[in-house]
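Reviewing the structure listed below.
The values are calculated or read from the model by the stated rules, or taken from the named source; none is laboratory data. This is a predicted model, so every value here is computed, not measured. We place every Cβ from the backbone using ideal geometry, glycine too, and count neighbours over all the protein chains shown. The area values use the complete protein model at the heavy-atom level, side chains included, leaving out ligands, DNA and RNA. Shrake-Rupley method; radii C 1.70, N 1.55, O 1.52, S 1.80 Å.
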Number of protein chains: 2
Amino acid sequence: MKQVIVVRSDLKMGKGKIAAQAAHASLSAAEMAQRKPAWYEVWKEEGQAKVVLRTQSEAELRELFQRAKRAGLPAALVEDRGLTQVEPGTVTCLGIGPGPDGEIDAITGNLRLL
Amino acid sequence: MKQVIVVRSDLKMGKGKIAAQAAHASLSAAEMAQRKPAWYEVWKEEGQAKVVLRTQSEAELRELFQRAKRAGLPAALVEDRGLTQVEPGTVTCLGIGPGPDGEIDAITGNLRLL
């Protein structure tokens, strides 16, 4: 079990901003996963593994979101309020899982680490 | 209501590593806060504000953790398994809250943004 967080690398976000957005994605997707306790509890027990990946476009981020949802995985797209560093409504990152490694890799396996 | 994540800036962590550690701290502290629904629900409704700050030492991070606990705030210290970038058992960051702004500022108000 793992959770993947995909961050847009085409935005000019500093590391603190990225950390806050990633935490937002992680928490929102994890809350969805709490409805699948078999995944959520195992993930927590295994140490709540998280992998942070990157994409260079909003279009790809949205496509990954749709694919994760169709696959039945917990998936949360983060839209920033735009108080700092980005415009209001900017989609910054995506949390997928926790879920089985193989199911998540089928969607994000070709992405690079942030 | 807000949540603060304090990250050690004296470790050589890349931005992806920082994001994963911060998400870990955020989720762990948020889970504690779920036992205080009055704080947790308001925070979620307000947009789950998160602020990422930095400290330069493990000693200060541990002191902030103790002060947050004594103040009755949700507080989670993250110890990394050390598979990448840091030694096993390294304490990397701290999540405090969600909780009332004033109570959290009393502990972290003098820290700088990451």
- request: Considering every residue within region A:75-97, establish whether at least one is facing another protein chain (nearest Cβ under 10 Å) and free of Cβ contacts under 8 Å to residues at least 40 places away in the same chain.
  value: yes
message: Filter region A:23-35 down to the residues that are among the small types (Gly, Ala, Ser) and surrounded by fewer than 22 Cβ atoms within 10 Å (Cβ to Cβ) and list them by number.
response: A:Ser28
- prompt: Of the residues B:Ala20, B:Ala38, which single one is among the small types (Gly, Ala, Ser) and open to solvent by 50 Å² or more (accessible area, probe 1.4 Å)?
  reply: B:Ala38
field: Condition check for A:Glu45: more than 30 Å from B:Arg112 (Cα to Cα), open to solvent by 10 Å² or more (accessible area, probe 1.4 Å), away from chain B (no Cβ under 12 Å) and modelled with pLDDT of 95 or more
entry: no
message: Residue under question is B:Ala49, and the condition is that it be in contact (Cβ under 8 Å) with a residue 24 or more places away in the chain, in contact with a Phe, Trp or Tyr (Cβ under 8 Å, 6 or more places away or on another chain) and among the aliphatic types (A, V, I, L, M); does it hold?
response: yes
statement: (1) within 23 Å of A:Ala25 (Cα to Cα); (2) modelled with pLDDT of 95 or more; (3) open to solvent by 50 Å² or more (accessible area, probe 1.4 Å) all hold for B:Thr84 apart from (2)
- prompt: For region B:1-13, which residues satisfy the criterion of being outside any strand (DSSP E or B) and either open to solvent by 30 Å² or more (accessible area, probe 1.4 Å) or β-branched (Val, Ile, Thr) (or both)?
  reply: B:Met1, B:Ser9, B:Asp10, B:Leu11, B:Lys12
Those residues of region A:99-114 which are free of Cβ contacts under 8 Å to residues at least 12 places away in the same chain and charged (D, E, K, R), in sequence order: A:Asp105
query: Can you find a residue in region B:92-106 that is in a loop (DSSP other than H, G, I, E, B) and touching a Lys or Arg at 6+ places or on another chain (Cβ under 7 Å)?
result: no
- prompt: Being in contact with a Cys (Cβ under 8 Å, 6 or more places away or on another chain), surrounded by 13 or more Cβ atoms within 10 Å (Cβ to Cβ) and assigned to a helix (DSSP H, G or I), is that true of even one residue in region A:61-78?
  reply: yes
